[in-house]
1. Taking each full run of DSSP H in chain B as one helix, which ones are at least 15 Å long along their axis (Cα atoms) and have mean Kyte-Doolittle hydropathy of at least -1.0?
2. Once the Cα atoms of helix A:17-28 and of chain A are each reduced to a long axis, what angle between those two axes, in degrees from 0 to 90 to the nearest 10, is obtained?
3. Mind putting a number on the dipole of region B:104-209 about its Cα centre? Charges go on the C-beta only, +1 for Lys and Arg and -1 for Asp and Glu, and I need it in Debye to the nearest 20.
4. Before anything else, pin down the relative contact order of chain A: Cα pairs under 8 Å, at least 6 apart, normalised by residue count, whole percent.
5. Using a 7 Å offset from the Cα along the Cα-to-Cβ direction at both A:Ile47 and A:Glu62, what is the distance between the two label points in nm, to one decimal?
6. Over 21 Å, how big is the tail of the calculated P(r) for region B:73-184, in percent of all Cα pairs?
7. Can you give the alpha-carbon Rg of region B:8-228 over 2.2 N^0.38 Å, where N counts its residues?
8. Would you work out which of B:Gly89, B:His217, B:Pro137 lies farthest towards the positive end of the dipole of region B:8-228? Charges go on Cβ: Lys and Arg +1, Asp and Glu -1.
Amino acid sequence: MPRVIVDVVPKPEILDPQGQAIARALPRLGFDGVREVRQGKHFELDIDDAVDDGALHRIAGELLANPVIEDWTVRRL
Amino acid sequence: MTSASSGRIGVITFPGSLDDVDAARAVRYAGADPVGLWHADDDLLGVDAVIVPGGFSYGDYLRAGAIASHQPVLRSVIEAAHRGMPVLGICNGFQILCEAGLLPGALVRNAGLHFVCRDQWLRVDNVATAWTTRFEPDAEILVPLKSGEGRYVADSATLAQLEDDGRVVFRFLGGNPNGAANDIAGIASADGRVVGLMPHPEHAVDRLTGPSEDGLHVFGSALDALVSQPEAFTAT
């Protein structure tokens, strides 16, 4: 069964306070040098062969991501 | 079907709605008849206006309001709104209306990451919408705010258009609680019939249970809108 990965991240201009909190925590753990963290979502979809790329992009753009605030990528494994 | 003399205002219940009962109570306080609407039913039962209430529909899974915005009842609400039916989204309801595309922009995690629960002063910047005509211009009102994802964002062109068109309806006073763009607490559609806001006017209709009675005017305004235009937007 084909597997599809959809990754969703906040747009660059959208403040990501969760990512900032993670970035601030890293030095406390001894990890220096991480300048920025953006937190997003990772979806794994198992699909039938009949689901085409157009449908996948609609799934990503109409439900999995909110295009107002998020960018997304779709890739087949 | 219409009964504009009393005014029938629908209140939607989703799995995870919390404030549908208070919204129905506020409708009743304002002198209209609340009508319960169910998320899985696309029948608006002939109501004259719709309130999408607060809460955590579908547990805020995926994004706040995202799943609810695709439910059958919302498809009917979108159609009715395009015909001019007054629609009010409160808190999670505001998030749902943005996700559904009835209002521009989006609500995201508060800048400080903390859930904010407090009585909040607002200024009513637009008293011409279907939900704000009973307020005096620039009225300052006190209503509860309780949200973790209440920070309004939109691209700069959308923000400029909202400001230029006077579509910012409610603005935070006394300090921005969540980092919302331009201190925006609530906005309206271009025709002023659809309004969404993060604070909760339905919790401010009775001094026994809220900080003021300021919220009552929101629901009374809708009643006035129904009486003045009884046939234009009745649900079919």
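1. On the way: long enough: B:72-82 (16 Å, 0.61); B:216-228 (18 Å, 1.35).
Helices meeting the criterion: B:72-82, B:216-228.
2. For A:17-28 against chain A, the angle is about 50 degrees.
3. Numbers: 10 positive and 14 negative charges, 72 e Å.
Value, rounded to 20: 340 debye.
4. Working: 101 pairs, mean separation 41.5, N = 77.
Relative contact order, chain A: 54 percent.
5. 1.3
6. Details: 2355 of 6216 pairs.
Distances greater than 21 Å cover 38 percent of the Cα pairs.
7. Values: Rg = 15.3 Å, N = 221, 2.2 N^0.38 = 17.1 Å.
Cα Rg divided by the expected 2.2 N^0.38 Å: 0.90.
8. Result: B:Gly89, furthest along the dipole toward the positive end.
Any read-out appearing in this document is the output of simple, stated calculations on the displayed coordinates, not a laboratory observation. Predicted model, so just to flag it, every value in this text is computed and none were measured. Glycine gets a Cβ as well: all are built from the backbone with ideal geometry, and neighbour counts include every protein chain shown.
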